[in-house]
Amino acid sequence: MSVTAIYPGTFDPITNGHSDLISRAANLFDKVVVAVAANPKKTPLFDLQERVDLARSVLAGLNNVEVCGFDTLLAEFAKSQGAKVILRGLRAVSDFEYEFQLAGMNRRLAPDVETLFLTPAEKYTFISSSLVKEVAALGGEIDDFVDPKVKAALSNRLR
Ligand code: COA
């Protein structure tokens with residue numbers, strides 16, 4: 001049986017923490033779909049297509065990983081992709097409450113899809129897309145947090 005996992009997020013932009021989690025997932029599942037949510041309520045710095053393109057170029061080396069944008073309910077998108085698993089990352093206890101709610105709602109909407117959690121490598125536990133954007137905007141070094149292609153896109157956008 002082939003198992004597809006879907007890894008949803010805003011990815012504004014994709015960070016090394018996301019990539020670390022995706023590489024781990026690619027070793028566990030037959031296929032991983034990185035699902036980039038339109039998420040207009042977060043007023044993203046990069047539009048949906050830019051976020052998808054950045055994630056695609058960063059993840060190009062992973063053969064069983066696909067990147068798609070979506071602007072529907074995650075539960076519906078997961079079903080349409082034939083995914084049996086929704087993957088989320090847990091970096092700290094503070095992530096747990098929101099993730100627990102999200103998992104509960106998604107189970108209600110798609111009872112056959114299980115939410116599974118992975119933890120990123122310890123060195124990435126403090127990274128978030130918002131913090132990376134803030135550090136970059138204020139001229140700080142972000143080389144350890146994002147791929148060089150993401151760094152270039154950020155300096156272009158923030159110039
Ligand atoms: N390493 C580093 N950072 C990580 C990380 C990891 N492994 N995992 C998450 N993060 C960071 C992200 O960069 C992000 O940081 P930011 O808030 O500063 O931008 C933060 O943790 C959490 O964001 P993300 O993982 O992108 O999730 P989200 O909360 O923005 O998105 C969705 C949540 C997309 C899953 C949710 O909004 C969704 O499902 N939307 C679709 C519509 C829907 O179905 N809604 C009902 C849901 S029940």
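The values are calculated or read from the model by the stated rules, or taken from the named source; none is laboratory data. Note that this is a predicted model, so its numbers are computed, not measured. Here Cβ is always computed from backbone atoms with ideal geometry, including for glycine, and neighbour counts include all displayed protein chains.
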key: the stretch 63-89 residues that are exposed (fewer than 13 other Cβ atoms within 10 Å of the Cβ), paired with ones that are aromatic (Phe, Trp, Tyr) and at pLDDT 95 or above (beta carbon under 7 Å, 6 or more apart)   = none
query = For the stretch 5-26, does any single residue satisfy the condition of being among the small types (Gly, Ala, Ser), buried (at least 21 other Cβ atoms within 10 Å of the Cβ), away from the ligand (no atom under 12 Å from the Cβ) and in contact (Cβ under 8 Å) with a residue 24 or more places away in the chain?
reply = yes
task = Spot the failing condition for Arg108; the list is (1) more than 13 Å from the ligand (Cβ to nearest atom); (2) loosely packed, with under 12 Cβ neighbours inside 10 Å; (3) charged (D, E, K, R), and only one is missed.
result = (1)
task = Looking for whichever is more than 13 Å from the ligand (Cβ to nearest atom) and either part of a helix (DSSP H, G or I) or among the hydroxyl-bearing types (Ser, Thr, Tyr) (or both) here; the options are Ala152, Ala136. Which one fits?
result = Ala152
query = Is it fair to say Ala38 is farther than 20 Å from Lys149 by Cβ, surrounded by 20 or more Cβ atoms within 10 Å (Cβ to Cβ) and within 15 Å of the ligand (Cβ to nearest atom)?
reply = no
task = Mind listing whichever residues of the stretch 64-105 are part of a loop (DSSP other than H, G, I, E, B), more than 8 Å from the ligand (Cβ to nearest atom) and of a type in the set (Lys, Arg)?
result = Lys84
key: the stretch 137-153, residues that are touching a Phe, Trp or Tyr at 6+ places or on another chain (Cβ under 9 Å) and crowded, with 19+ Cβ neighbours inside 10 Å   = Phe145, Ala153
task = Go through (1) in contact (Cβ under 8 Å) with a residue 40 or more places away in the chain; (2) of a type outside the set (Phe, Trp, Tyr); (3) closer than 23 Å to Ile142 by Cα and name the single condition Ala60 misses.
result = (1)
